[in-house]
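Since the structure comes first, as C-alpha coordinates, the remarks are kept for the end.
The values are calculated or read from the model by the stated rules, or taken from the named source; none is laboratory data. Owing to the predicted nature of the structure, the values given are computational and were not obtained by experimental measurement. Virtual Cβ from ideal backbone geometry, glycine too; neighbours counted across all protein chains shown. To get the accessible areas, we keep the full protein, side chains included, count just its heavy atoms, and leave off ligands, DNA and RNA. Shrake-Rupley method; radii C 1.70, N 1.55, O 1.52, S 1.80 Å.
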Amino acid sequence: RGKSEGRNVYRFFEPGMDAMVRARQALETDLEAALPRNEFELEFQPIMNIAAGDIVGAEALMRWHSPTRGLVSPDNFIPAAEETGLIVQLGDWALRKACTAAAGWPHAMRIAVNVSAVQIKSGSFARSVISALAFSGVPAHRLELEITETVLMDESDTVLKTLSQLRDLGIRIALDDFGTGYSSLGYLRRFPVDKIKIDRSFIRDIDNRDSAAIVRTVIGLGAQLGITVTAEGVETEAQLDMLRKAGCIEAQGYLIGVPAKAAQINRLLRSGMALRQSG
Ligand code: C2E
Ligand code: MG
Ligand code: MG
Ligand code: MG
(Lines give C-alpha, C1' and ligand atoms only; values in the text may rest on other atoms or scores of the structure.)
(Ligands and ions follow the chains in the order given, each with its own letter.)
Protein backbone atom coordinates (compact mmCIF):
# COMPACT_ATOMS: atom_id res chain seq x y z
CA ARG A 1 0.00 0.00 0.00
CA GLY A 2 1.61 3.25 -1.16
CA LYS A 3 2.09 6.15 1.24
CA SER A 4 0.45 8.49 -1.27
CA GLU A 5 -2.89 6.79 -0.57
CA GLY A 6 -2.77 7.88 3.06
CA ARG A 7 -4.40 11.22 2.28
CA ASN A 8 -7.56 9.63 0.90
CA VAL A 9 -9.73 9.93 3.96
CA TYR A 10 -12.51 7.71 2.60
CA ARG A 11 -10.06 4.82 2.58
CA PHE A 12 -10.57 4.57 6.32
CA PHE A 13 -13.97 3.09 5.50
CA GLU A 14 -12.51 0.22 3.58
CA PRO A 15 -13.18 -3.05 5.40
CA GLY A 16 -9.44 -3.82 5.70
CA MET A 17 -8.68 -0.42 7.16
CA ASP A 18 -11.57 -0.68 9.56
CA ALA A 19 -10.17 -3.97 10.87
CA MET A 20 -6.77 -2.34 11.35
CA VAL A 21 -8.25 0.59 13.24
CA ARG A 22 -10.24 -1.77 15.45
CA ALA A 23 -7.19 -3.94 16.12
CA ARG A 24 -5.28 -0.84 17.16
CA GLN A 25 -8.12 0.29 19.43
CA ALA A 26 -8.25 -3.16 21.04
CA LEU A 27 -4.49 -2.96 21.66
CA GLU A 28 -4.86 0.46 23.24
CA THR A 29 -7.71 -0.74 25.47
CA ASP A 30 -5.66 -3.74 26.64
CA LEU A 31 -2.68 -1.48 27.30
CA GLU A 32 -4.70 0.88 29.50
CA ALA A 33 -5.73 -2.07 31.67
CA ALA A 34 -2.27 -3.59 31.78
CA LEU A 35 -0.59 -1.12 34.14
CA PRO A 36 -2.99 -1.53 37.10
CA ARG A 37 -2.85 -5.28 36.49
CA ASN A 38 0.94 -5.34 36.83
CA GLU A 39 1.51 -6.88 33.44
CA PHE A 40 4.67 -4.88 32.74
CA GLU A 41 8.16 -5.89 33.72
CA LEU A 42 11.64 -4.53 33.18
CA GLU A 43 14.56 -6.56 31.92
CA PHE A 44 18.13 -5.28 32.12
CA GLN A 45 20.86 -5.69 29.54
CA PRO A 46 24.49 -5.25 30.67
CA ILE A 47 26.79 -2.64 29.09
CA MET A 48 30.55 -3.29 28.99
CA ASN A 49 33.57 -1.02 28.93
CA ILE A 50 35.53 -2.58 26.07
CA ALA A 51 39.08 -1.67 27.11
CA ALA A 52 38.64 -2.80 30.72
CA GLY A 53 36.31 -5.72 29.99
CA ASP A 54 34.14 -4.62 32.91
CA ILE A 55 30.38 -4.27 33.13
CA VAL A 56 29.63 -0.60 33.81
CA GLY A 57 25.86 -0.64 33.98
CA ALA A 58 22.68 -1.88 32.34
CA GLU A 59 19.83 -0.66 30.16
CA ALA A 60 16.23 -1.17 31.29
CA LEU A 61 14.00 -2.68 28.59
CA MET A 62 10.26 -2.90 29.02
CA ARG A 63 8.31 -6.14 28.61
CA TRP A 64 4.54 -6.61 28.46
CA HIS A 65 3.26 -10.00 29.55
CA SER A 66 -0.31 -9.88 28.28
CA PRO A 67 -2.60 -12.70 29.48
CA THR A 68 -4.27 -12.80 26.06
CA ARG A 69 -1.49 -11.72 23.68
CA GLY A 70 1.50 -13.34 25.32
CA LEU A 71 4.81 -11.48 25.41
CA VAL A 72 4.47 -8.27 23.41
CA SER A 73 7.59 -6.51 22.11
CA PRO A 74 8.11 -2.85 23.07
CA ASP A 75 8.44 -2.06 19.37
CA ASN A 76 4.76 -3.04 19.13
CA PHE A 77 3.27 -1.47 22.25
CA ILE A 78 5.37 1.67 22.84
CA PRO A 79 3.98 3.44 19.72
CA ALA A 80 0.41 2.66 20.87
CA ALA A 81 1.20 3.89 24.39
CA GLU A 82 2.60 7.08 22.88
CA GLU A 83 -0.54 7.62 20.85
CA THR A 84 -2.88 7.32 23.86
CA GLY A 85 -0.58 9.20 26.19
CA LEU A 86 -0.28 6.16 28.47
CA ILE A 87 3.49 6.34 27.90
CA VAL A 88 3.63 9.18 30.44
CA GLN A 89 2.38 6.93 33.26
CA LEU A 90 4.18 3.88 31.92
CA GLY A 91 7.41 5.84 31.57
CA ASP A 92 7.12 7.10 35.17
CA TRP A 93 6.63 3.52 36.31
CA ALA A 94 9.73 2.40 34.34
CA LEU A 95 11.89 5.20 35.77
CA ARG A 96 10.93 4.34 39.34
CA LYS A 97 11.29 0.62 38.81
CA ALA A 98 14.67 0.98 37.07
CA CYS A 99 16.08 3.34 39.70
CA THR A 100 14.81 1.11 42.51
CA ALA A 101 16.59 -1.87 40.92
CA ALA A 102 19.79 0.15 40.47
CA ALA A 103 19.73 1.18 44.13
CA GLY A 104 20.71 -2.41 44.96
CA TRP A 105 23.61 -2.55 42.50
CA PRO A 106 27.27 -1.77 43.23
CA HIS A 107 27.64 2.01 43.38
CA ALA A 108 29.65 2.41 40.18
CA MET A 109 26.94 0.81 38.04
CA ARG A 110 24.83 3.10 35.88
CA ILE A 111 21.22 2.59 34.89
CA ALA A 112 20.01 3.58 31.41
CA VAL A 113 16.31 4.22 30.79
CA ASN A 114 14.65 4.81 27.41
CA VAL A 115 12.36 7.83 27.25
CA SER A 116 9.99 8.86 24.52
CA ALA A 117 9.38 12.35 23.11
CA VAL A 118 5.80 12.31 24.44
CA GLN A 119 7.07 11.93 28.02
CA ILE A 120 9.49 14.82 27.77
CA LYS A 121 6.84 17.05 26.19
CA SER A 122 4.34 16.25 28.95
CA GLY A 123 5.67 19.05 31.16
CA SER A 124 5.98 16.88 34.27
CA PHE A 125 8.99 14.92 33.06
CA ALA A 126 11.77 16.64 35.03
CA ARG A 127 9.72 16.31 38.20
CA SER A 128 9.17 12.58 37.53
CA VAL A 129 12.87 11.96 37.03
CA ILE A 130 13.84 13.87 40.16
CA SER A 131 11.18 12.04 42.15
CA ALA A 132 12.39 8.62 40.90
CA LEU A 133 15.93 9.47 42.01
CA ALA A 134 14.77 10.74 45.41
CA PHE A 135 12.48 7.73 45.93
CA SER A 136 15.24 5.23 45.13
CA GLY A 137 18.19 7.12 46.57
CA VAL A 138 20.17 6.71 43.33
CA PRO A 139 22.41 9.73 42.65
CA ALA A 140 21.82 11.65 39.41
CA HIS A 141 25.21 10.77 37.92
CA ARG A 142 24.26 7.08 37.82
CA LEU A 143 21.21 7.72 35.64
CA GLU A 144 21.35 7.83 31.87
CA LEU A 145 18.34 8.81 29.78
CA GLU A 146 18.24 7.38 26.26
CA ILE A 147 16.49 9.58 23.74
CA THR A 148 16.14 9.28 19.98
CA GLU A 149 16.33 11.98 17.34
CA THR A 150 12.56 12.37 17.37
CA VAL A 151 12.99 13.97 20.79
CA LEU A 152 15.43 16.56 19.43
CA MET A 153 13.30 17.12 16.30
CA ASP A 154 10.76 18.90 18.48
CA GLU A 155 10.71 22.59 17.64
CA SER A 156 9.45 23.86 21.00
CA ASP A 157 12.08 24.75 23.53
CA THR A 158 10.30 22.85 26.36
CA VAL A 159 12.19 19.74 25.33
CA LEU A 160 15.64 21.34 25.17
CA LYS A 161 15.03 23.23 28.43
CA THR A 162 13.92 20.05 30.20
CA LEU A 163 16.93 18.10 28.96
CA SER A 164 19.33 20.91 29.97
CA GLN A 165 17.78 21.07 33.41
CA LEU A 166 18.29 17.33 33.91
CA ARG A 167 21.80 17.43 32.50
CA ASP A 168 22.68 20.24 34.93
CA LEU A 169 21.72 17.86 37.75
CA GLY A 170 24.36 15.40 36.49
CA ILE A 171 22.07 13.04 34.59
CA ARG A 172 23.61 11.79 31.34
CA ILE A 173 21.78 12.04 28.04
CA ALA A 174 22.41 9.35 25.40
CA LEU A 175 21.39 9.56 21.75
CA ASP A 176 19.99 6.10 20.90
CA ASP A 177 19.88 4.37 17.49
CA PHE A 178 22.46 6.84 16.18
CA GLY A 179 22.73 6.98 12.42
CA THR A 180 19.22 5.77 11.58
CA GLY A 181 17.50 9.17 11.54
CA TYR A 182 17.33 12.03 9.13
CA SER A 183 20.07 14.28 10.41
CA SER A 184 21.98 12.68 13.24
CA LEU A 185 24.87 15.14 12.98
CA GLY A 186 22.58 18.15 13.03
CA TYR A 187 21.12 17.09 16.36
CA LEU A 188 24.53 16.82 17.95
CA ARG A 189 24.84 20.57 17.46
CA ARG A 190 21.34 21.21 18.72
CA PHE A 191 21.87 19.54 22.08
CA PRO A 192 25.08 18.49 23.83
CA VAL A 193 24.62 14.78 24.54
CA ASP A 194 26.97 12.72 26.73
CA LYS A 195 26.73 9.50 24.78
CA ILE A 196 26.04 8.18 21.29
CA LYS A 197 24.71 4.66 20.79
CA ILE A 198 25.58 3.40 17.30
CA ASP A 199 22.52 1.62 15.94
CA ARG A 200 22.83 -2.12 15.76
CA SER A 201 22.20 -2.19 11.99
CA PHE A 202 25.72 -0.75 11.49
CA ILE A 203 27.27 -3.35 13.81
CA ARG A 204 25.40 -6.19 12.09
CA ASP A 205 26.86 -5.10 8.74
CA ILE A 206 30.32 -4.33 10.09
CA ASP A 207 31.91 -6.76 7.59
CA ASN A 208 30.73 -4.42 4.88
CA ARG A 209 33.43 -1.86 4.03
CA ASP A 210 31.04 1.10 4.08
CA SER A 211 29.43 0.13 7.40
CA ALA A 212 32.87 -0.34 8.92
CA ALA A 213 33.88 3.13 7.69
CA ILE A 214 30.74 4.66 9.20
CA VAL A 215 31.34 2.93 12.54
CA ARG A 216 34.98 4.10 12.63
CA THR A 217 33.91 7.63 11.75
CA VAL A 218 31.28 7.78 14.50
CA ILE A 219 33.85 6.48 17.01
CA GLY A 220 36.28 9.21 15.86
CA LEU A 221 33.53 11.81 16.05
CA GLY A 222 32.79 10.80 19.63
CA ALA A 223 36.46 11.10 20.54
CA GLN A 224 36.66 14.57 18.95
CA LEU A 225 33.53 15.78 20.73
CA GLY A 226 34.34 14.10 24.06
CA ILE A 227 31.23 11.93 23.81
CA THR A 228 31.19 8.29 24.93
CA VAL A 229 30.38 5.94 22.05
CA THR A 230 28.51 2.68 22.71
CA ALA A 231 28.03 0.02 20.04
CA GLU A 232 24.61 -1.67 20.16
CA GLY A 233 23.83 -5.22 19.05
CA VAL A 234 27.30 -6.72 19.42
CA GLU A 235 26.82 -10.44 18.78
CA THR A 236 30.23 -11.81 17.76
CA GLU A 237 33.84 -11.76 18.94
CA ALA A 238 34.85 -10.46 15.51
CA GLN A 239 32.56 -7.43 15.89
CA LEU A 240 33.87 -6.75 19.39
CA ASP A 241 37.44 -7.07 18.18
CA MET A 242 36.90 -4.57 15.39
CA LEU A 243 35.25 -2.13 17.82
CA ARG A 244 38.09 -2.49 20.31
CA LYS A 245 40.69 -1.79 17.64
CA ALA A 246 38.70 1.23 16.45
CA GLY A 247 38.72 2.62 20.01
CA CYS A 248 35.02 2.23 20.76
CA ILE A 249 34.44 2.82 24.48
CA GLU A 250 31.42 0.64 25.29
CA ALA A 251 29.60 -2.36 23.86
CA GLN A 252 26.17 -3.87 24.42
CA GLY A 253 24.67 -6.93 22.79
CA TYR A 254 23.94 -10.63 23.06
CA LEU A 255 27.69 -11.44 23.14
CA ILE A 256 28.08 -9.49 26.39
CA GLY A 257 24.67 -10.40 27.78
CA VAL A 258 21.02 -10.74 26.78
CA PRO A 259 18.35 -8.72 28.62
CA ALA A 260 17.85 -10.43 32.00
CA LYS A 261 15.42 -10.33 34.93
CA ALA A 262 16.17 -7.96 37.83
CA ALA A 263 17.41 -10.73 40.14
CA GLN A 264 19.78 -12.14 37.51
CA ILE A 265 21.28 -8.78 36.62
CA ASN A 266 21.73 -8.03 40.29
CA ARG A 267 23.83 -11.20 40.66
CA LEU A 268 25.76 -10.44 37.50
CA LEU A 269 26.58 -6.88 38.49
CA ARG A 270 27.65 -7.92 41.97
CA SER A 271 29.91 -10.70 40.78
CA GLY A 272 30.73 -9.87 37.21
CA MET A 273 33.06 -6.91 37.43
CA ALA A 274 35.56 -8.66 35.20
CA LEU A 275 33.03 -10.75 33.34
CA ARG A 276 34.93 -10.53 30.09
CA GLN A 277 38.62 -9.82 29.66
CA SER A 278 39.78 -7.60 26.86
CA GLY A 279 42.34 -8.67 24.28
P1 C2E B 1 16.70 0.23 22.07
O2 C2E B 1 16.61 1.20 23.19
O3 C2E B 1 17.59 0.57 20.94
O4 C2E B 1 17.11 -1.13 22.75
C5 C2E B 1 17.92 -2.10 22.16
C6 C2E B 1 17.10 -3.24 21.57
O7 C2E B 1 17.97 -4.15 20.92
C8 C2E B 1 16.37 -4.06 22.61
O9 C2E B 1 15.16 -4.55 22.00
C10 C2E B 1 17.34 -5.21 22.86
O11 C2E B 1 16.72 -6.36 23.41
C12 C2E B 1 17.85 -5.45 21.48
N13 C2E B 1 19.18 -6.05 21.46
C14 C2E B 1 20.18 -5.91 22.35
N15 C2E B 1 21.30 -6.57 21.99
C16 C2E B 1 21.00 -7.18 20.83
C17 C2E B 1 21.75 -8.04 19.94
O18 C2E B 1 22.92 -8.36 20.16
N19 C2E B 1 21.10 -8.45 18.81
C20 C2E B 1 19.82 -8.10 18.52
N21 C2E B 1 19.27 -8.57 17.41
N22 C2E B 1 19.07 -7.29 19.34
C23 C2E B 1 19.67 -6.84 20.47
P24 C2E B 1 13.76 -4.50 22.77
O25 C2E B 1 13.97 -4.84 24.21
O26 C2E B 1 12.80 -5.30 21.96
O27 C2E B 1 13.37 -2.96 22.70
C28 C2E B 1 13.10 -2.36 21.47
C29 C2E B 1 12.98 -0.87 21.61
O30 C2E B 1 11.82 -0.51 22.38
C31 C2E B 1 14.14 -0.21 22.33
O32 C2E B 1 15.23 -0.04 21.44
C33 C2E B 1 13.51 1.09 22.75
O34 C2E B 1 13.52 2.02 21.68
C35 C2E B 1 12.08 0.69 23.04
N36 C2E B 1 11.89 0.55 24.50
C37 C2E B 1 12.18 -0.50 25.30
N38 C2E B 1 11.88 -0.22 26.59
C39 C2E B 1 11.40 1.04 26.61
C40 C2E B 1 10.94 1.92 27.65
O41 C2E B 1 10.92 1.63 28.86
N42 C2E B 1 10.50 3.17 27.26
C43 C2E B 1 10.53 3.56 25.94
N44 C2E B 1 10.07 4.81 25.64
N45 C2E B 1 10.97 2.78 24.96
C46 C2E B 1 11.41 1.53 25.28
MG1 MG C 1 17.90 2.25 24.24
MG1 MG D 1 19.04 1.50 20.15
MG1 MG E 1 15.44 1.29 19.23
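Using Cβ point charges alone (K and R +1, D and E -1), the dipole size of the chain about the Cα centre works out to roughly 460 debye.
Per residue, the chain exposes an accessible area of 51 Å² to a 1.4 Å probe, with every protein chain left in place.
Among beta bridges from DSSP that stay inside the chain, the antiparallel ones total about 45%. Shown for the stretch 1-156: the carbon plus sulfur share of the solvent-accessible area, taken with all protein chains present and a 1.4 angstrom probe, equals 55%. Of the listed residues Arg110, Arg270, the order by accessible area with a 1.4 Å probe, largest first, is Arg270, Arg110. Accessible area ranking (1.4 Å probe, heavy atoms, ligands and nucleic acids excluded), largest first, for Arg244, Arg189, Arg63: Arg189, Arg244, Arg63. Of all lysines in the structure, those lying under 19 Å Cα to Cα from Lys261, and not within fewer than 8 positions of it along the same chain, are Lys97. Taking label points 7 Å from Cα along the Cα-to-Cβ direction, Ala26 and Ser271 give a separation of 4.4 nm. Only one residue of Gln264, Met153, Leu90 has its Cα farthest out toward the positive end of the dipole of the chain, where Lys and Arg carry +1 and Asp and Glu -1 on Cβ, and that residue is Gln264. For the stretch 58-107, the fraction of alpha-carbon pairs lying more than 17 Å apart is 44 percent, rounded to a whole number.
The relative contact order of the stretch 105-162 comes to 50 percent, based on Cα pairs under 8 Å that sit 6 or more residues apart. Positive-end ranking of Gly170, Ile196, Ile227 along the dipole of the stretch 162-279, with charges on Cβ about the Cα centre, is headed by Gly170.
For the chain, the residue among Pro74, Gly179, Leu243 whose Cα projects farthest onto the positive side of the dipole built from Cβ charges is Leu243.
For the stretch 174-279, the carbon plus sulfur part of the accessible surface works out to 50%, probe radius 1.4 Å. Overall, the stretch 163-279 carries a charge dipole of about 340 debye about its Cα centre when +1 sits on the Cβ of Lys and Arg and -1 on the Cβ of Asp and Glu, all other atoms neutral.
Between Ser156 and Arg127, the contour length at 0.36 nm per residue exceeds the Cα-Cα span by 8.6 nm.
Is the stretch 95-240 rounded, prolate or oblate when judged by the Cα gyration tensor, a ≥ b ≥ c being the square roots of its eigenvalues, rounded requiring a/c under 1.5 and prolate requiring a/b larger than b/c? Note, shape of the stretch 95-240 comes out oblate. Considering helices alone, the calculated mean residue ellipticity of the chain at 222 nm is -14000 deg cm²/dmol, with DSSP H runs of length four and up weighted by -39500 (n - 2.57) and normalised per residue. For a straight C-alpha distance cut-off of 17 angstrom, the aspartates and glutamates reachable from Lys197 (same-chain residues fewer than eight places away being disregarded) are Glu59, Glu144, Glu146, Glu149, Asp176, Asp177, Asp205, Glu232, Glu235, Glu250. When His141, His65, His107 are compared by accessible area at a 1.4 angstrom probe, the order from most to least is His107, His141, His65. Largest mean-square fluctuation among Met48, Met242, Met17, in a Gaussian network model of the chain whose springs join Cα atoms under 10 Å apart, belongs to Met17. Entry note, the stretch 177-279: relative contact order of 22 percent, from Cα contacts under 8 Å with a spacing of 6+ residues. The slack between Arg37 and Arg189, meaning 0.36 nm per residue of separation minus the straight C-alpha distance, is 50.5 nm.
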